[in-house]
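Heads up, the thing below is written out as structure tokens.
The values are calculated or read from the model by the stated rules, or taken from the named source; none is laboratory data. Keep in mind it's a predicted model, so treat the numbers as computed, not measured. As a convention, Cβ positions derive from the backbone with ideal geometry for all residues, glycine included, and neighbour counts pool all protein chains shown. Ligands, DNA and RNA are excluded from the accessible area calculation, which covers all protein heavy atoms including side chains. Shrake-Rupley method; radii C 1.70, N 1.55, O 1.52, S 1.80 Å.
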Amino acid sequence: MQKFGPTAQELDVLVLGAGPAGATAAACLAPHCRVALVGGRAVHAGPAIGESLPASARTALADLGVWQIFQSEGHLPAWTRQSLWGSDQPSMQDAIFDPHGHGWHLDRPRFDAMLRTLARERGAHLTHPAEVRRLHCAPEGGRYPWHCEMKTADGPWMVRCRFVVDATGRSARVVRQAGAQLQRQDRLVCLHTWVQGGADVPAGSTLIEAAADGWWYSADLPGGTRVIAWHGDGDLASVQGCRTAGDLLERARRTQLIGRHCPPAAQALVPLRAAPANGQWPSQAAGSHWLAVGDASLAFDPLASQGLLHGLVTGQMGALVVREHLGGNMQALPAWNRQLQEVAQAYRDNRARYYAMEQRWPNEPFWQRRSAQQPAGVASAMH
Ligand SMILES: Cc1cc2nc3c(=O)[nH]c(=O)nc-3n(C[C@H](O)[C@H](O)[C@H](O)COP(=O)(O)OP(=O)(O)OC[C@H]3O[C@@H](n4cnc5c(N)ncnc54)[C@H](O)[C@@H]3O)c2cc1C
């Protein structure tokens with residue numbers, strides 16, 4: 001049941017960005033206050049990259065109350081993970097040995113729609129798509145310091161609100177507007193396409209393979225397709241020279257593991273796509289009358305495979321922090337800042353350790369750059 005219509009002028013919380021993090025935050029806030037969830041452009045108009053959700057996300061989905069629905073939505077179990085990393089010998093991990101069970105290869109549009117529906121059913125006003133025309137915060141502006149002007153399908157919409165949650169993903173709209181600096185870790189980009197899945201590899205498998213100029217990822221997706229993705233630095237000639245999906249598949253065929261998914265007859269189902277994939281974090285994840293969740297608070301290198309879980313967890317925890325702040329706890333936002341800084345530090349350390357495990361191409365720029373980013377102690381621990 002909606003608590004107000006699209007003409008409402010005053011809200012407690014405006015959640016900008018209707019991806020997993022924003023929808024989760026709105027769903028957790030809606031039973032307690034007046035919330036609007038505002039999405040940017042139509043989310044995932046084309047096929048999504050083909051993300052996987054780790055098995056440990058089960059708890060976050062159960063806490064949200066969507067575990068049963070999630071199980072019935074056709075996401076593909078991720079049973080095995082084969083990797084070629086730091087050695088010429090492939091290693092295999094089977095979900096049977098994971099105490100959490102298996103993860104999933106997501107039907108991402110369905111996943112996002114499930115969370116947006118939850119937010120709406122719990123009472124959030126959903127406006128999607130919408131374009132933010134003007135966003136302005138006047139801290140001295142009394143009870144409703146934020147003013148936001150949007151263009152929606154139903155015409156212009158102006159709201160005043162007490163608090164804004166930045167869930168705008170990597171674009172971190174509110175974070176940047178508030179003057180926080182975005183730190184970009186590197187120039188990683190993901191070049192990808194999809195091919196028809198075949199019987200040549202077991203269903204539900206994930207493959208990861210390091211190469212001289214980056215690393216590869218391939219996974220089954222719901223609907224019988226497979227994603228073929230290469231992650232390299234966008235300023236290096238190797239990436240700049242890969243211009244078509246045909247170029248990408250050609251390169252994939254020269255790899256040891258991923259090549260198995262690209263037999264000579266395999267055709268790309270869509271033209272080559274590129275997505276920024278660099279780690280990124282803001283100097284502040286909360287400030288006067290705002291906080292960030294999901295990728296806006298910390299975007300991971302996809303090697304971590306943690307972005308969606310981070311969105312679910314920060315969506316839920318961020319909603320609690322907003323409620324505490326609106327309830328008068330002045331320590332809630334500074335504590336969120338500290339917590340996100342700790343998570344970002346743990347991510348940077350883990351990422352450095354993982355890249356340091358690959359020592360086969362010490363003279364290649366892609367690996368040299370990552371070895372230079374290792375924190376003290378990591379490089380020496382390898383020798
Ligand atoms: C190549 C690649 C592979 C990945 N693989 C995985 C994986 O295997 N597993 C995993 O867990 N994660 C993976 N990720 C990360 C994952 O995609 C993100 O972490 C996740 O989508 C973040 O969710 P979010 O809700 O924070 O942001 P998003 O999903 O980006 O949603 C943000 C929303 O905000 C909207 N928006 C933007 N600007 C505005 C604005 N001004 N006003 C209103 N709305 C706005 C956008 O339209 C969008 O709908 C991968 C990422 C990349 C790049």
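For region 97-142, filtered to residues that are modelled with pLDDT under 90 and outside any loop (DSSP other than H, G, I, E, B), the residue that is farthest from the chain's Cα centre (by Cα) is PHE97.
Scoring CYS161 on the criteria (1) in contact with a Phe, Trp or Tyr (Cβ under 8 Å, 6 or more places away or on another chain); (2) under 22 Å from GLY307 (Cα atoms); (3) of a type outside the set (Val, Ile, Thr) leaves a single failure, condition (2).
Looking at GLY197, GLY259, can you tell me which residue is in contact with an Asp or Glu (Cβ under 7 Å, 6 or more places away or on another chain), more than 16 Å from the ligand (Cβ to nearest atom) and of a type in the set (Gly, Ala, Ser)? Criteria check complete, one pass: GLY197. Within the bounds of region 183-192, is there any residue that is more than 16 Å from the ligand (Cβ to nearest atom) and closer than 28 Å to GLY232 by Cβ? Within region 183-192 (the criterion being more than 16 Å from the ligand (Cβ to nearest atom) and closer than 28 Å to GLY232 by Cβ), the answer is yes, since at least one residue qualifies. Give the residue, chosen from ARG273, ARG353, ARG348, ARG338, that is free of Cβ contacts under 8 Å to residues at least 12 places away in the same chain and not β-branched (Val, Ile, Thr). Checking each option against the conditions leaves just ARG338. Answer yes or no: is there a residue in region 288-308 that is open to solvent by 20 Å² or more (accessible area, probe 1.4 Å), in contact (Cβ under 8 Å) with a residue 24 or more places away in the chain and away from the ligand (no atom under 13 Å from the Cβ). Within region 288-308 (the criterion being open to solvent by 20 Å² or more (accessible area, probe 1.4 Å), in contact (Cβ under 8 Å) with a residue 24 or more places away in the chain and away from the ligand (no atom under 13 Å from the Cβ)), the answer is yes, since at least one residue qualifies. Going by the structure shown, is ARG120 crowded, with 16+ Cβ neighbours inside 10 Å, of a type in the set (Lys, Arg) and assigned by TED's automatic domain parsing to the domain that holds GLY204? No.
When GLY311 is tested against (1) open to solvent by 50 Å² or more (accessible area, probe 1.4 Å); (2) modelled with pLDDT of 95 or more; (3) under 28 Å from ALA124 (Cβ atoms), just one condition goes unmet, and that condition is (1). Tell me, please, whether a residue that is open to solvent by 60 Å² or more (accessible area, probe 1.4 Å) and under 28 Å from LEU291 (Cα atoms) can be found in region 195-205. No, because not a single residue in region 195-205 is open to solvent by 60 Å² or more (accessible area, probe 1.4 Å) and under 28 Å from LEU291 (Cα atoms).
Every condition in (1) of a type outside the set (Ser, Thr, Tyr); (2) more than 19 Å from the chain's Cα centre (by Cα); (3) assigned to a strand (DSSP E or B) holds for GLN267 except the one numbered (3). ALA319 passes every criterion in (1) more than 14 Å from ALA180 (Cβ to Cβ); (2) within 13 Å of the ligand (Cβ to nearest atom) apart from (2).
Here HIS325 fulfils each of the conditions (1) within 16 Å of the ligand (Cβ to nearest atom); (2) assigned to a helix (DSSP H, G or I); (3) under 28 Å from GLY142 (Cα atoms) apart from (1).
Number of residues in region 143-179 that are open to solvent by less than 10 Å² (accessible area, probe 1.4 Å) and more than 15 Å from the ligand (Cβ to nearest atom): the value is 2. Scanning region 289-338 for residues being more than 30 Å from THR206 (Cβ to Cβ) and in contact with a helix residue (DSSP H, G or I) (Cβ under 8 Å, 6 or more places away or on another chain) gives a total of 13. Screening LEU333 with (1) open to solvent by 30 Å² or more (accessible area, probe 1.4 Å); (2) modelled with pLDDT of 95 or more gives one miss only, at (1).
A count restricted to region 218-271 and to residues that are surrounded by 14 or more Cβ atoms within 10 Å (Cβ to Cβ) and of a type in the set (Lys, Arg) stands at 4. Can you name every residue in region 270-285 that is within 16 Å of the ligand (Cβ to nearest atom), closer than 29 Å to LEU340 by Cβ and assigned to a loop (DSSP other than H, G, I, E, B)? Within region 270-285, ALA277, ASN278, GLY279, ALA285 meet the criteria.
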